[in-house]
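Some notes on the structure that comes next.
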Amino acid sequence: MELQERLNEVRSHIAAAERQAGRPDGAVQLVAVSKTFDAAAIRPAISAGQRVFGENRVQESQGKWPELKAETPGIELHLIGPLQSNKAVDAVALFDVIETIDREKIARAIADEMKRQGKTVRLYVQVNTGLEPQKAGIAPDDTAAFVDLCRKELGLSIEGLMCIPPADENPGPHFALLAKLAKKAGVEKLSMGMSSDYEIAVAFGATSVRVGSAIFGAR
Ligand SMILES: *Cc1c(COP(=O)(O)O)cnc(C)c1O
C-alpha cells in the first residue's frame, strides 16, 4: 500500500469512529507521527494534504522540519517526546505545539523561552496515567495542581492533556481517566490514541490522535 492510501484509510477510520461516537465530523485532529522518517519519506504525506505532524526528538526534527516548513506554509509541528530544559530554546523555535510539559522546571524553561523569543507555543501537560516509572508525565493526582501552577504562577495557557497508556494494558480506562482529569483541571483538549488504539481514543473523547506506523509504516 502507498502512503497516501494508508493516510486515507486512517482518516476514514477516524471519521467512522467520530460518527459511531456521535461526535461531529472533524472533531478529531490527526497528528501524523513522522519520527525516524526523513524529509523524502514525509513529503508524500504533505502532498496528500496532511499538515499536522508529530516528532519525539528535537534534534532529529531540526534536521528535516526547517526545510519542510519552508517548502509548505501552514505546517503545524507537535513535540510529543520528552523534553530537557537545555533544549527549550530549540523546541520553542521549531515547534508549534509542545505536548510533553510534565514538571515545573521544564514549564519554567518554556515560559522563559517563549518570552525571550516573543513566540507563543501551544502547550499540553503529559500525564503518566499508568504511573509507569520509566515513562514521563505527571502523576494523575498531581495534574490539576500542576495545570494551576502553570497558569497562575508561570502565566502559561495549557490547552490540553496528553497520555501514552501502558503498552500491555487495555487503553480504555486510561483514556477515560485522562478525560476526567481534563475536566477537573478545566482543560479542553485530549491528545490520546496511537496506531493500535486511536479509534478507541476517539470513542473516549480524544480531540487529537497521534498516528505513526499506520501511516508511515513500521519503524
Ligand atoms: C511514536 C509515538 C506515537 C505513534 O506511535 P504509532 O504506534 O507508530 O502510531 C504516538 N505518540 C507518541 C508519544 C509517540 O512517541
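The values are calculated or read from the model by the stated rules, or taken from the named source; none is laboratory data. Keep in mind that this is a model prediction, so the values were computed, not measured. Using ideal geometry, Cβ is built from the backbone for each residue, glycine included, and neighbour counts are taken over all protein chains shown. These area figures cover heavy atoms from the full protein model, side chains too; ligands, DNA and RNA do not enter into them. Shrake-Rupley method; radii C 1.70, N 1.55, O 1.52, S 1.80 Å.
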Which ones in segment 72-104 are β-branched (Val, Ile, Thr) and farther than 16 Å from Phe53 by Cα? Val89, Ile101
In the list Glu169, Glu159, which residue meets the criterion of being in contact with a Lys or Arg (Cβ under 6 Å, 6 or more places away or on another chain) and modelled with pLDDT of 95 or more? Glu159
Test each condition in (1) within 13 Å of the ligand (Cβ to nearest atom); (2) within 17 Å of the chain's Cα centre (by Cα); (3) open to solvent by 60 Å² or more (accessible area, probe 1.4 Å); (4) not charged (D, E, K, R) for His13 and report the one that comes out false. (2)
Return the total of residues in segment 98-122 being away from the ligand (no atom under 15 Å from the Cβ) and either free of Cβ contacts under 8 Å to residues at least 24 places away in the same chain or farther than 12 Å from Ser85 by Cβ (or both). 11
Conditions (1) in contact (Cβ under 8 Å) with a residue 60 or more places away in the chain; (2) open to solvent by less than 20 Å² (accessible area, probe 1.4 Å); (3) of a type outside the set (Lys, Arg); (4) within 16 Å of the ligand (Cβ to nearest atom) -> Asn128 fails only (1)
Condition set among the basic types (Lys, Arg) and under 19 Å from Leu156 (Cβ atoms), scope segment 182-219, selection farthest from the ligand (Cβ to nearest atom): answer is Lys184
If you check Asp102, Asp38, which single one turns out to be open to solvent by 60 Å² or more (accessible area, probe 1.4 Å) and at pLDDT 95 or above? Asp38
Of the conditions (1) part of a loop (DSSP other than H, G, I, E, B); (2) surrounded by fewer than 21 Cβ atoms within 10 Å (Cβ to Cβ), the single one that Leu68 does not satisfy is (1)
Of the conditions (1) assigned to a helix (DSSP H, G or I); (2) surrounded by fewer than 17 Cβ atoms within 10 Å (Cβ to Cβ); (3) not aliphatic (A, V, I, L, M), the single one that Ser61 does not satisfy is (2)
Taking segment 188-208, which residues are open to solvent by 10 Å² or more (accessible area, probe 1.4 Å), of a type in the set (Val, Ile, Thr) and in contact with a helix residue (DSSP H, G or I) (Cβ under 8 Å, 6 or more places away or on another chain)? Ile200
Hits in segment 67-97 - residues which are free of Cβ contacts under 8 Å to residues at least 24 places away in the same chain and within 22 Å of Val127 (Cβ to Cβ): Gln84
Search segment 71-93 for residues being buried (at least 18 other Cβ atoms within 10 Å of the Cβ) and aliphatic (A, V, I, L, M), and hand back the single one that is nearest to the ligand (Cβ to nearest atom). Ile80
Just one listed residue, out of Glu18, Glu55, is charged (D, E, K, R), within 18 Å of Asp96 (Cα to Cα) and open to solvent by less than 20 Å² (accessible area, probe 1.4 Å), and it is Glu55
